[in-house]
Structures are given as C-alpha cells and as structure tokens.
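Here's the structure, in structure tokens; my notes come after.
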Amino acid sequence: MLKKTYDFKEVEKKWQRFWEKEGVFKFDPKSSKPIFSIDTPPPTISGKMHLGHAFSYSHFDFVARYQRMKGKNVLCPFGTDDNGLATIRLVEKLNGVKGTEMSREAFTKLVLRTLEEIRPKYIKDWKSIGMSCDFSIYYTTINEHCQRISQWSFIDLYKKGRIYRKRTPFLWCPECQTSIAQVELKDEEKESKFVYMRFDTSIGEPIVIATTRPELLPACVMVHVHPDDKRYRKFIGAKAKLPFFDREVDIIANRDVNPNFGSGAVYHCTFGDMDDVEWMFKYGVKPIEILNKDGTLNENAGKYKGMTVRQARKAIIEDLKKEGRIVKIEPIKHAVHVHERCGAEIEILMTEQWFIKYLDIKDKLIEAGKKMKWFPPHMRARYDNWIEGLKWDWNISRQRKFGIPVPVWFCKKCGEPILPDEDDLPVDPTKDKPKKPCPKCGSRTFRPDPDVLDTWATSSLTPQIVAEMFRDQGLYNKIFPMSLRPQAHDIITFWLFNTVVKSQLHFGKNPWKDIMISGWALDPKGRKMSKSLGNIIEPQTIIKKYGADALRFWAASPKLGEDMPYQEKDIITGKKFVTKLWNASKFTTRHLKGYNHVKPEKLTEIDKWMLTKLNDLVRLATDAFEKYEFFKVKVETEKFFWHVFCDNYLEIIKPRLYNREKYAKYEILSAKYTLYTSLLTTLKLMAPITPHITEEIYQSYFRKKEGYKSIHISPWPEYDTSVVDRKAERAGDIAVDIIARVRKFKSENHMSLAQPIRRLVIASEEVRPVLQAMKDTLKADEIKIGKAKGFETELFKIQIYIEK
C-alpha cells in the first residue's frame, strides 16, 4: 500500500535505478514488435545540462514512453556530440590551455582524457530528468564507430563528385582560427563608425568613399558607383589614388551599389563581406590578402603590419585625419556577422577548404522537406527559407587540432588527393600512410591533410550511426529511415537540414518519416538564457527543490514548437499535481483493499458517466499523442483528474464507500471497478509525462494485479465502447452542475457542506437515473423532479428549488 507521504527525492532515484537495472527501456533486436526509432539529439558536451535541454528532451521522452506503452519496440539511443568547438572550448577552460598552442597529438589526448572524466556526470543529468533512452545503445561523435561512418561519408560523396577542394575566399573565425559554414553565422547588432574618406582621382577631383572598415584600405582593389548616379558619372573609367599606398584602382559602374547608402561610392576590398567576394569573381579582380589567420594584418598592410583589426582601424583613421582626408565620421549601429560559438567578428580569408556541393539541388531538398510530416506544420517554412537563402556550398573542413580527420593524403610529387579504402577506416592521415602508391604518378611520398571535419558533417549522420550498430542483425532497413527526428527549432538549419542533405546525397531518401520541433525555454521575462545576462536557471536546482516530475509537468505545458518562459509558479503547479495524485491514490487504494478487479455485470448510472468521461479522455489523449500534441494530454488529463475525478466523482461515491451496508452488492462493485479503472487509466495517461510518481503508485498497488514489471511497459489504455453511455453522461453532467449550485447555496448561507438540506426540486427529467447519487452526495432529505423556482444552474440553466 501507499506510504503516508511521498518523498520525491527518494522515489525518483529509486525508480531511475530500477529502470536501468531491469532494462525496462532496452531496445530488443529480436522482438517481433514494430520498431519505433528515434533519432535522438546528441547533446554537446560543453558543461552540464541546461534548462533548454531538460525542456526539449522531455518532449521526445513523452513520445518514447507513449510508443512503448502502445506496444512498439522503441529504439531510443543516447549519444553525445563531443568533437566540435564547444567541447574544445570546455576542455581548454577546464585545463587552462589553448589548443592552438599545443601539438595535435598532445591536445587530442588531453581532450579525450577530459571527456572520459566528465562524460559520466554529464550523462547523469539526463538520467536525473527521467529520460527513457536505452543508455546501452550509446555513441560519441568522436568514437571509432562514428569516425568510420563520417569518413565513409566523405569518401562516398567524393566518389559521387559531391566533394571538392578549393582555395577560395570564405568565412573565417580569427578567434577559433578555423573556417566556418554559413549556418554558423549569426547577426549581432554592434556600434560602429561610418567613415567618409576623400580619395584623389585621375580627373583631378576627389571622390568620397563611405565605409565601416577603413582598416581594409591596404586591400582596396576597386571603387564602385551606380551608373545612374549623376554625382559620379564623370568618375566612371577614372582611377582612384589610395592614401598611404603608391597604388591606383579603377572606378567602375556597378548596378549592385545602393546610391542612397553612405556616400554612394563603395570601395571594394578583399574582403569586407561576401559582396566583395562576389564582385571579385564578377570583375576578375586579383585579391590582395592583408589578414593573417589570427586576425592581425600582414606585410601587405605596410606599416600597419602586426596590428589587430581594431588597432589598424584606429591607426588608419588617425592617419587619414592628419592628411585631411576625413570628411566626417558618423556613429552607427549595424548588424555584424559573428561566430555563433565564440562571438568573434567574422573575417573572409583565402584558404584551401573542402566543400560539399549542394546549391544545384536546392529544389530537390525543398521537395524532400515536403515529403516528411512536420509537427507543427509551420516549422517547415524555416527549412524552406533557409534553403532558398543559401549562397554557398557547405564548407566541411576545419582548421582545428581536435576532431575527425579529413581522410585524405596528397601526393608530394603531383598533388593528387589519395583516399583510403573503406575497409581501412577510420584513418588519421597525420599518423597513417596510404597502402597504395599514387594512382596518377606512382609516387609513394605523401603529405597528410591536417584539417578535421566540421562537427555537423558527423552529427548529420546520426541515423546511419545508430542503424549501422544493427546491420549485422538484419535490422538496418527496419531502423532507417527512422520514425522520428525530435529537436528544437533553432537547429533546423544546422542539424535537420544537414541530415537531409547527407541522406539525400548518399541514399536518395529522407532520413525520417516525422519531424517534431520543440521551442525554447526562456527566462521569466521571455528572454533567451545566457551567462552574459545572468539569467540562467539550472534544471538541477529545480529537480533538487521540486523533483523531476514537476519539471517535466512544466515542460509539457506549451504547444509544440512554442517558446516557454520559465515561471516557478508553473513548477509549483506540477508539484501540487504530484501531491494531489498521491493523496487521491492513497484514498482510492485504501477503499480498494481486497478488490480483484472484477468487472460487474451491471454499472450504476453515475459510474457510467464517469467511465464515459474517462474513455473520451483516453481517445483524446491517444489522438493527441499520435500527433505529438503531448500538451493536450497534460492539460486534459490534469483537468479531468482535478475536476471530474477528485472534485466530483470521489465526492459522489463516498457514501457508497463509507456506508456499504446501505447499498446493493452490484453498486459497491460498480463503484470499485470504476474507481480502480479511473485511477489506473489516469496513471497511464500521465505516465509519459510524470513517470516517477505514476511508477511509485503502480508498483505500490497495481503491479501484483496487472502483472507488468513497470507501468511504462504496460498497455496504453484503449477506448472501451462497452462502457460509453451518452445518456448517462448527460445525466451525470447535469447532476454535477446541480451539485455545484447547491454547494454554492450552502456557502452563501454559511452552511457546512456536510449539513443536510431538507428538499431539492429539479426541473429536469434527465437527472432521474442519478437522483439517488445526488441525494446521497448532497445529504438531501428529499429530491423531487417537478416545477422549480429559485435558482438556475450555471452550465445547463436548469431551475432548481432548495429548501434548507
């Protein structure tokens, strides 16, 4: 039987240990049950689980638990993403080092050792919120299995002509000293200066250039003006003389120039932004490279060599002032591209990079998006918009000391790229050697490619990473494409899109059938949580104070895809629900002592009312879960539990429970059957959302009767038409409405709810089947059906007469 009080701290840990020890959530490769496979997001090891993790991971755990109870063989693996920049930053911080200042071998060893030390504690956070993953199906995106698949992907796409290497201007983070992809950019509004500079020209008249990047003056290769701008027509075809540099550049007409922005004359530097890159190719300009990989200026910058970008900006402005070349300086705020990982302002450098070619299949990728089911549907627009806005192929190489190596050597003699055989994967070209001579010239001397693959180039293969674990068991084609991809909306352009790209390029099919998109967990003011704002709320603290079930209850509150501000009162509501469920279960099971769950041959009308309401809830909850609308399940089950079950049904059947001798045997059996069924069903409906409290109640009373090792592998409730009675439902609804009005009457007349009333007259024939239940509940000496004048009920507007 249930204990007097519910101690969530003890209970939650107990059942988490039980689930793991008993393998409750293990995927069974030998089962004949239909497989429901979830492409679980591998969280980045970058510290500890944050509230956003607890929020969105709870969402797909609700689904996993539901599908398991629906009889599916649920494959819900757990992986960690630990080969990217976030992990590198964490390891550097924890060990007080800088990866760029260490050898690749030494830093790699340090990262792997640190990960082994911190990974168990990190994973423990996910177990603490009650995740029902099969933690024995585990991967890290840096382990040998993942490296093999990631390098296979590179080789396969190279053979298909989809991967190429090119020296080209591309996005570069001077802080991380690596190239980055378009998806890793974010716009940040920053204060800057619009500098208006006067250049001399070959026609004897000066031209005024406006720029926010005066430090790029040494890299100026051209000046552009709009051909229809009357101010500058005379300059077209002339030369502009660069201050401080013995160099002239052409002034040309360019319809891309906005004549209303700045001075209307643009100086083209290599490179201030990607427009400069586009113009370089368009006009056949030879670039002047003035930036080093660490963001300092090189020898091409003349006397500004060695300065940082900010130092050079200040110095050049001062020098321009000295020569009287500053017309004016305007303070402005504008959007600047920064690296989403470190926040550093992005530069554009000429470097050798590997790319996946996909701009030519944008239409195909949009069509692929249409063939998957999106929940909620409007999230597909983000996917479509991203594809339509793509400007560059996917840069997948990174200049870092740690990561999965690009599996390529180059022949020292002829420069031919050499790729390993797939059977030899994984390889590290900086340590391993090719097993065959160069196919082009026969040389056996090679140099390794020192780069590593972008972490998204590996994370985009999670369906294959999981499915390949079961290829030897003949399950690959049953697992892939996977049933569901759950994730937050902020990485639609990262993880989701890149996974579709890889799946389409490799296999010509989509990686999943359904996509479930969660929103963000925000701070109480609706802002994104960040260290800089000081508004981070840690789930570990919430769990310690209120329990994991209360946290999950909160996480189930918003509609799918909506952001959810954190409010402690919502967690408290969850805690109150847990407490009420415990107390109601104590009351119920106490009165079910000795009951063997025998369905009676006859049910009372009020019990039919209850079971009809219950079955309607089962149907609603089932339909909602099938559409990933867990919030509906939570809201409607909570409402049913508080108002139908606790506020009304328990009060209505108390006379039968306390005074059994006054009732027929079938009436007692009917009450117990309904009570048992209602509580167990409520527990099952809430089990995916609040797994610990429901397991505790199930194990304390129902397990011996139901026979299942855990409520989480017991059958999901089915809609039972045999107990649905719409007439009884109508009668019960009216009865509840009348009971509520009588209670209000007693309250208004300062009467105790337990105090009897002499007479109640009801102007409705529909309540005749439940008159006895009403009489017992209200402690009425007499209830009659007839003409009544006095009060009107709130819901059905039925006239009643109440006599004290």
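Quick notes on this one:
- Here the relative contact order of the chain, from alpha carbon pairs under 8 Å that lie six or more residues apart, stands at 14 percent.
- Alpha-carbon centroid distance for the pair region 651-691 / region 738-804, whole angstrom: 24 Å
- Percent of beta bridges antiparallel (DSSP, the chain, rounded to nearest 5): 70 percent
- Answer label, with volume of the Cα convex hull per residue in Å³ calculated from the coordinates and candidates (i) 214; (ii) 204; (iii) 320: (i)
- Per residue accessible area in Å² of region 541-587, where ligands, DNA and RNA are left out and the probe is 1.4 Å: 38 Å²
- Our coupling estimate for region 430-442, obtained by passing each phi through the Karplus curve with A = 6.51, B = -1.76, C = 1.60 and θ = phi - 60°, is 6, 10, 8, 10, x, 8, 10, x, 4, x, 8, 10, x Hz, Gly and Pro reported as x.
- Long-range amide H partners of residue 564 with built H, under 5 Å: 520, 521, 522
- DSSP H segments from the chain that extend 30 Å or more along their own axis, Cα-based, with Kyte-Doolittle mean of 1.0 or above: none
- Site pair residue 260 and residue 642 shows an inter-label distance of 5.4 nm when each label is modelled 7 Å from Cα along Cα→Cβ.
- FRET efficiency for the pair residue 31 and residue 138, taken as 1/(1 + (r/R0)^6) with r the Cβ-Cβ distance and R0 = 25 Å, rounds to 0.80.
- Span from the region 21-57 Cα centroid across to the region 318-336 one, whole angstrom: 55 Å
- Note on residue 703: accessible area is roughly 80 Å² with a 1.4 Å probe, heavy atoms of protein only.
- Placing unit charges on the Cβ atoms only, positive for Lys and Arg and negative for Asp and Glu, gives the chain a dipole magnitude near 1980 debye about its Cα centre.
- You can think of it this way: the chain between residue 658 and residue 373 has 97.4 nm of extra reach, that is 0.36 nm per residue less the Cα-Cα gap.
- Taking all protein chains as they are arranged and a probe of 1.4 Å, the heavy atoms of residue 436 leave approximately 120 Å² accessible to solvent.
- Heavy-atom accessible area per residue - region 166-235, 1.4 Å, Å²: 38 Å²
- Summary of the geometry: region 549-624 and region 393-427, compared by the centres of their Cα atoms, lie 56 Å apart.
- Region 154-269: relative contact order in percent, alpha carbon pairs under 8 Å with at least 6 residues between: 24 percent
- Set of lysines near residue 328 by C-alpha distance (under 16 Å), chain-local residues within fewer than 8 positions excluded: 193, 314
- In this rough spin-label picture, where each label sits 7 Å from Cα along the Cβ direction, the residue 528-residue 598 distance is 6.4 nm.
- Annotation for region 374-405: trypsin sites (Lys or Arg not before Pro) lying in DSSP loop with at most 12 further Cβ atoms inside 10 Å of their Cβ are 391.
- Rounded percent of accessible protein surface that carbon and sulfur make up, region 675-788, 1.4 Å probe: 48 percent
- Region 699-749: GluC sites (Glu not before Pro) in DSSP loop, at most 16 other beta carbons within 10 Å: 718
- Relative contact order (percent, whole number), region 272-413, Cα cutoff 8 Å, 6+ residue spacing: 17 percent
- Across 299, 695, the residue with the most accessible area heads the list, and the full order at a 1.4 Å probe is 299, 695.
- Percent accessible area from carbon and sulfur atoms, region 198-335, protein chains only, probe 1.4 Å: 48 percent
- In this structure the amide hydrogen of residue 780, modeled in the peptide plane, comes within under 5 Å of the amide hydrogens of 757, none closer than 5 places in sequence on its chain.
- Sum of side-chain charges, residue 602 neighbourhood, beta-carbon under 15 Å (Lys, Arg +1; Asp, Glu -1): 0
- The residue list 767, 682, 697 was ranked by how far each Cα lies along the charge dipole of region 666-770 toward its positive end, using unit charges on Cβ atoms, and 767 comes out on top.
- Within-13-Å neighbourhood charge of residue 324 [Cβ basis; K, R +1; D, E -1]: +1
- Accessible-area value, residue 256, 1.4 Å probe, nucleic acids and ligands omitted, Å²: 80 Å²
- Helical runs (DSSP H, four residues minimum) scored at -39500 (n - 2.57) apiece and divided by the length of the chain put the mean residue ellipticity at 222 nm at -11500 deg cm²/dmol.
- Local electrostatic count at residue 298 - Lys and Arg +1, Asp and Glu -1, tallied over other residues with Cβ under 15 Å: -2
The values are calculated or read from the model by the stated rules, or taken from the named source; none is laboratory data. Just so you know, these numbers come straight off a predicted model, no measurement behind them. We place every Cβ from the backbone using ideal geometry, glycine too, and count neighbours over all the protein chains shown. All accessible areas refer to the heavy atoms of the entire protein, side chains included, with ligands and DNA or RNA removed. Shrake-Rupley method; radii C 1.70, N 1.55, O 1.52, S 1.80 Å.
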